[in-house]
Every structure is written in structure tokens, then in C-alpha cells.
1. Could you list 116, 245 so that the one with the fewest beta carbons within 10 Å of its beta carbon is first and the one with the most is last?
2. In nanometres, what is the gap between the two model label sites at residue 179 and residue 143, each 7 Å from Cα along Cα-to-Cβ?
3. Suppose we keep just the alpha-carbon trace of segment 198-278; what are its Rg and Dmax in angstrom?
4. If R0 is 30 Å, what FRET efficiency do you get for residue 279 and residue 112 from their C-beta distance, rounded to 0.05?
5. Which distance in nm do the two modelled labels at residue 94 and residue 226 give, with both placed 7 Å along the Cα-to-Cβ direction?
6. Give the peptides 182-190, 91-99, 16-24, 236-244 in descending order of average Cβ contacts within 10 Å, highest first.
7. Under 1.5 on a/c is rounded, so check that first for segment 27-147, then, if it is not, pick prolate when a/b is larger than b/c and oblate when it is not; a ≥ b ≥ c are the square roots of the alpha carbon gyration tensor eigenvalues.
8. Helix 222-246: angle to the longest alpha-carbon principal axis of the chain, degrees 0 to 90, nearest 10?
Amino acid sequence: MTKTVLGIIGGSGFYTLPGLEHAHRERIATPWGETSDEMLIADLNGLPIRFMPRHGRGHNIPPSEINYRANVDAMKRAGVTDLISISAVGSLKKKYVPGEFVLPDQFIDRTFARAKSFFGTGCVAHVGMADPVSPLLLKQVAKAAKHEDISCHSGGTYLVMEGPQFSTRAESNLYRSWDCDVIGMTNMPEAKLAREAEICYATVAMVTDYDCWHEDHDQVDVASIIQIMKGNTEKAQRLVQRLTKDIPREHQACPIGSDRALDVAIITPPEGRDPAMVAKLDAVAGRVLGNGKV
């Protein structure tokens, strides 16, 4: 059995975790460039933790310039089996109130300026993304939120926009007409890359505002968002504390195959693969590229 290693990518307002043991920071080199920051490597309640602030500790990297490939590759190199994304989002429905959490199980990717795959010319792969969130991990997060009495909604669709600007009112209403639940700027291509790296993935979407569709909240104000964010961060830290107490110490096989996603994904035959590309894929795809299965 594989030991559980929990990775956490912290978004806006979530830059650290209290209560860590044996903590140290390490810059993990990747063939995709530099990560957003050093990785915090530690234990929490006896569970190995790997933490990365998505925007850097000083929040100096905008959504479009985050090196998503480097961050996910580093998580894989650090042994992460299960990855939690903690993200600030806007609500697209009245029932999701600022200060509440949503655990989406679907995404719509509207980004256009980001590298979205580890694979490319020299080694082509097509992973399944019908169900982008690992259901066991989502259930474990939902259970932790319930134990901590955190108002949390399971399921829903997260619309990922490019940013860094917020939506126009027309865009916001368009996404509402698509029955999207929350809107943010960072979970794509992160979820796609986690699937390619065979890491189970789930999102804690922390609602900070109503986007601009709401008749009483039609201006998204950074100052008010920051105030909500402070309370959300405290709750997210409690959620992570509880999750690390309850999550199984042995990684459970994903029922939708998130942790075996490359078994039937690589289409380029071995004789056609570019050795340089294969070398870059040593962490994310070494399990399949190195054993002759595909």
C-alpha cells in the first residue's frame, strides 16, 4: 500500500498552516521551471504534508503567470498522493453566501493564456476529465468541514476565468445561465495537471463575494474581499487540521481512477517518443513510461 501524503496548494489569503511539526522549506527543482515558492515540508497530526502558496508568500504572482506545471510536478516529486486546492471564489448563486465553502465536483475552463498539459510534441497523451474531482477525497474534506461546523456545500461547478480582471456583468450573467455555482481564476489547469500526474484532486472553494451579477453587490471590492478572506482562512486552517486527523494513512485507490489516469492515456508508441520529452516526464509519468505498459 502507498502511504498518504497530503499536498495543499493555498490560494489568496492562505499562505501558511499552524501546528506543523518537523517543518522546513525546500525549493524543489522541476524541468518546467520554478515553482511559486519554496515547498513547506512537514507533518501535521502525524500525516506528511506538502504545502505550496500558489501566488507566493507575498501574493506577487497573478493567476495567469503561475507556473502550474512546476507546482504540480513538485508535488509529485514530493510524493503527494492527494492534493487539496484552497481557493478564493465568487458566488454565482444566492444560496452560496460569502464566508461559506463550496466543494465543486465539476469545472468549466475558460482560461486561454496558460500551459495546460505536461504532454506535447514527442509524447502525446489524452487523460479522461469527465470527473475531475476525486470522490473519496471530496467526501473526506466534506466530513472534516462538518466536524468543524463549517458551512459547506458539496458538489457544483467552478467556472475558471483567465483574470486578473473580474467579470463584466454580462459575463457573470452568462455563467449563471450555464448553472455555474462559483467563479475563480486558478483551478484550471491545476486540476488537469493533477490528473495527468495521477494525483487525486479536490477543491475547497472559499466564497468571498457575489461577483457582479448580484443587484445588491454589483461591485467586487478587493478591500471587502480581504475582510471575508481572513475569516475564511481561519476556517480553512481548522478544516485542514481536522482532515489530517481523519484521512486514512494508507492511500485509498480512487474509484474513478485518478491515481491510474495514465494507464490508457499515452497514445505515442514507445519508438516514437522524444527522449528529451520523456526525461521531462520522469516524475509525472515515470510509472508508465518506465515500465513498458503503454
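Where a number appears in this text, it was derived from the coordinates with a stated rule and is not lab data. Predicted model only: the values in this text are computed from it and were never measured. Neighbour counts are summed over all protein chains in view; Cβ atoms, including those assigned to glycine, are modelled from backbone coordinates with ideal geometry.
1. 245, 116
2. 2.9
3. In order Rg, Dmax, the Cα atoms of segment 198-278 give 21.0, 61 Å.
4. Values: r = 29 Å, r/R0 = 0.96.
Once the sixth-power term is evaluated, E becomes 0.55.
5. 3.2
6. Highest mean packing first, the order is 182-190, 236-244, 91-99, 16-24.
7. On the way: a/c = 1.45, a/b = 1.22, b/c = 1.19.
Since a/c stays below 1.5, the shape of segment 27-147 is classed as rounded.
8. 50
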